[in-house]
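The values are calculated or read from the model by the stated rules, or taken from the named source; none is laboratory data. Just so we're clear, the structure is a prediction, and the values are computed from it rather than from any experiment. In this analysis, Cβ positions are derived from the backbone assuming ideal geometry, glycine residues included, and neighbour counts consider all displayed protein chains. The accessibility values were calculated without ligands, DNA or RNA, using every heavy atom of the protein model including side chains. Shrake-Rupley method; radii C 1.70, N 1.55, O 1.52, S 1.80 Å.
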Amino acid sequence: MRSERMLNIALPKGRLGERVYGIFESAGLGVPSVNDGGRRLTFEDADVGVRYFWVKPSDVAIYVERGAADLGVAGKDILLEYRPDVYELLDLGIGKCRMASAGKADFNSYYDSGEFPLRVATKFPNIARDFFASRGRSIDIIKLHGSIELAPLLGLSDIIVDIVETGETLRENGLIVIEDIVEISARLIANKASHKFDFERIEGVVGSVAKIKEKK
Ligand code: PRP
């Protein structure tokens with residue numbers, strides 16, 4: 001058994017998290033009990049020196065920023081939106097999608113005219129605000145928590161800013177991408193103090209994970 005303390009790693013619950021765990025496992029940081037099923041949220045192995053816990057994907061950065069986790073994996077969308085004070089160490093190259101503005105096929109005149117604030121429905125108000133500020137376009141943010149595509153269909157907003165993966169949700173709701181805003185993928189992040197005090201171990205993990213990523 002190792003004398004050093006456990007390395008705490010926050011994984012995003014769900015399909016992406018399972019892929020992320022697979023990468024850590026291939027990197028020699030597997031904790032077999034993760035696959036036991038059930039509702040337990042933490043898994044550890046004293047010999048490997050690692051404790052994993054499953055958290056809601058949008059909460060990973062909070063655990064890492066506050067030091068409850070040393071490492072975690074979060075989408076670039078969450079990092080851009082909440083700007084947590086963490087180190088972004090590695091692009092895992094999975095969970096790829098993009099942030100885009102989208103609307104009904106006939107909305108273009110609204111978008112370009114600039115005569116009135118564009119009503120933008122989104123789960124990502126900061127990303128939307130930054131994007132339109134860079135274009136000098138005034139907007140009125142309508143913050144929603146899901147089913148964003150409904151907003152322009154019901155006249156709640158002129159357009160949306162949301163994640164597009166396959167584009168299927170847009171297509172099935174008669175919406176089109178207006179403009180790509182930023183590419184998104186899963187990132188390995190670290191707590192700043194942990195990175196300083198546990199530098200070698202954390203950089204060791206980053207190195208092993210990077211090698212696995214290259215092989216995939
Ligand atoms: C996300 C996103 C889009 C959809 C994009 O929604 O907000 O609605 O996935 O994926 P697609 O391009 O492959 O169709 P999510 O499933 O997280 O649901 P929610 O927006 O209702 O939270």
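Please find the FRET efficiency linking Glu172 to Ala193, where r is the Cβ-Cβ separation and R0 is fixed at 45 Å, and quote it to the nearest 0.05. That gives a FRET efficiency of 0.50.
Could you check how much of the accessible area of the chain is carbon and sulfur, as a whole percent, using a 1.4 Å probe? Carbon and sulfur together cover 49 percent of it. When the alpha carbon coordinates of the chain are projected onto the principal axes, the ranges are 66, 33, 31 Å, largest first.
From most to least packed by mean Cβ count within 10 Å, the peptides 140-146, 37-43 give 140-146, 37-43. For Leu90, the residues whose modelled amide H falls within less than 5 Å of its own, excluding neighbours fewer than 5 places apart on the same chain, are Leu188. Listed cross-link partners Lys192/Lys213; Lys56/Lys104; Lys123/Lys196 are compared with a 27 Å cut-off, the Cα-Cα value being larger for Lys56/Lys104; Lys123/Lys196.
Mean residue ellipticity at 222 nm, helices only, the chain: -9000 deg cm²/dmol; runs of at least 4 DSSP H residues each add -39,500 (n - 2.57), and the sum is divided by the number of residues.
Take 84-93, 164-173, 147-156 and order them by the average number of nearby Cβ atoms within 10 Å per residue, most first; the result is 84-93, 147-156, 164-173.
Across region 183-193, rounded Karplus estimates of 3J(HN,Hα) from the backbone phi angles (6.51 cos²θ - 1.76 cosθ + 1.60, θ = phi - 60°) give 7, 10, 7, 7, 10, 7, 10, 9, 5, 5, 5 Hz, Gly and Pro being marked x. Once the Cα atoms are used to define both axes, helix 125-134 deviates from the longest principal axis of the chain by about 60 degrees.
Distance between the C-alpha centres of region 185-216 and region 46-105: 13 Å, rounded to the whole angstrom. If R0 is taken as 45 Å, the Cβ-Cβ distance between Glu200 and Ile94 corresponds to a FRET efficiency of 0.95.
Under a 5 Å amide H cut-off, with hydrogens placed 1.01 Å from N, Arg119 pairs with Asp140, Asp158, Ile159 among residues at least 5 apart or on other chains. In the context of the full set of protein chains, residues of the chain present 53 Å² of accessible surface per residue (probe radius 1.4 Å, heavy atoms only). Helix 199-215 and the longest principal axis of the C-alpha atoms of the chain enclose an angle of approximately 70°.
Residues whose amide H comes within less than 5 Å of that of Val182, counting only those at least five positions distant or on another chain, are Met99 (H built at 1.01 Å from N in the peptide plane). In terms of packing, defined here as the mean over residues of other Cβ atoms within 10 angstrom, the peptides 69-77, 177-185, 129-137 line up highest first as 69-77, 177-185, 129-137.
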